[in-house]
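Structure first, then comments.
Values in this text are rule-based calculations from the coordinates and carry no lab data. Since the structure is predicted, the reported quantities are computational estimates derived from the model, not experimental observations. Cβ: placed from backbone, ideal geometry, glycine included. Neighbour counts: every protein chain shown.
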Amino acid sequence: MGILDILNIKRFAGLVAQGKSPTEELLADWGTSNCTVGELVDILKSHKLLAAAAIVLPDAVPAEAQQPDPPSAETYSALPTRLLDNKGTQTVPSSAPTQIQLDSCDPEPTSFSSISYNDLIKITDGFNDRPVSEGGCRLGEGGFGTVYKGVLNHKLVAVKKLIPVEDMSLEDLQIQFHQEIQTLTVLQHENLVDMVGFSCDGQYPCVIYPLMSNGSLLDRLACLEGTPPLSWKQRCLIAEGTASGLEFVHRNHHVHRDVKSANILLDEKLVAKISDFGLTRASPKGTSTTMKTERIVGTCAYMAPEALRGQVTPKSDIFSFGVVLLEILSGLPPVDENHDPQFLMEVPSAIEDEDEELTFEGFLDTKMEDVKLGQAESVYTLACSCLQDRKNQRPVSKQVLLELSSVVKSISLEQQ
């Protein structure tokens, strides 16, 4: 089987948003490369996917090898359980509502409140799934949960209810919940989202934040629900604020791992707040800034090449931020099946290609009436530096912040 490049991998992953199967597309593409069924079976066996290999070629896998080892007692005892009419316990089936036991969700003392799950049910109208625009409480949803609007102690809050997805174990969900709480306990900054409290005594773990009245950067760039376009100055201030928050995260030995415009929230003054720290990793002081992980996480349209290989490094956050800068400049989403190129990160290559019709001026968002071409070029050059394939060629977050602060300063001087 030939080696797939990063863009092919991203293309396959991008099919999910179109309601298509990346697996089917991968197999169709692979089928044109003169590979054999035997080679496919060898790949499946090398990854211990014996049941799948047996389906493709039954004689290739001995029958006894297809039977997995029975789970150990330790495995069962570690699974969440629920009481059944006082007759015993059983593991929760994946199709049933999951009662996640998180009695030790606060391993270290924090300044955040533990809030009753029943109270969260009350303030979100029973986790009303109708959108807020239709009189419900649902603000939005992501890969790991749904966010609801509520009022707690006379203040508007956003309640994120974490729900295990198909390819995520309950243990992974618990780890993510712990990680978000612990990270937000350690990392507090003007450009990072605050945490009001958390809940772990109910059916689902929840994290509670102040409600950001201007939503996400992704939605504001799209002028969702008729919101006015962001001005050039507003966009640069948002970029600077995000860079400041990211520099703080990196300076304190953490890697966010899911930097994207949907995770950049805007308060009533359009101050940027980086959110969603469930995937964040801490890097031990005095060690290499690059770590390895077996679980590839993040959002494909923002992922650096090394992140797709399981490397965890602050430079991957920088790559993702480069995509965000392109969004800020263009007003375009990170991936669009009706746009050529589909992935925003590919635009710099298309602009450099003399055979392409796309130009830098044509790439800029026409809704920005106050944009200065020289300043926009500076931000675009910075974005291109962040998007270098080789991580060592990308700037560090402190350099990114200095560059953006310089642009903001030049805007302020012009308006004096």
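Say R0 is 30 Å: what FRET efficiency, to the nearest 0.05, do Ile121 and Glu268 get from their beta-carbon distance?
After rounding to 0.05, the efficiency reads 0.65.
Give me Met212, Met168, Met345 sorted ascending by neighbouring Cβ count inside 10 Å, so fewest comes first. Intermediate values should be presented prior to the final figure.
Working: Met212 21, Met168 17, Met345 24.
With the sparsest Cβ surroundings first, the list reads Met168, Met212, Met345.
For segment 113-210, divide the Cα radius of gyration by the Kirkwood radius and give the resulting Rg/Rh value with two decimals.
Computed over Cα atoms, the ratio is 0.95.
Once you place label points 7 Å from the Cα toward the Cβ at Glu337 and Asp353, how far apart are they in nm?
Distance between the two pseudo-spin positions: 2.1 nm.
Full-extension gain between Arg281 and Phe360, please, as 0.36 nm times their residue separation minus the C-alpha to C-alpha distance.
My answer for the length gained is 24.9 nm.
So for segment 113-210, averaging the separation of alpha carbon pairs under 8 Å that are six or more residues apart and normalising by length, what relative contact order in percent results? Let's see the in-between values first.
Working: 159 pairs, mean separation 27.5, N = 98.
Relative contact order here is 28 percent.
What full-extension length gain, to one decimal in nm, is calculated for Ser412 and His47 as 0.36 nm per residue of separation minus the Cα-Cα distance?
125.7 nm
Kindly state, to the nearest 0.05, the FRET efficiency for Asn128 paired with Gln399, given R0 = 56 Å and r defined as their beta-carbon distance.
0.80
Whole-Hz ³J(HN,Hα) for each residue in segment 381-388, computed from phi via Karplus 6.51 cos²θ - 1.76 cosθ + 1.60 with θ = phi - 60°, x for glycine and proline: what do you get?
My calculation for segment 381-388 gives 4, 5, 4, 5, 5, 5, 9, 4 Hz in order.
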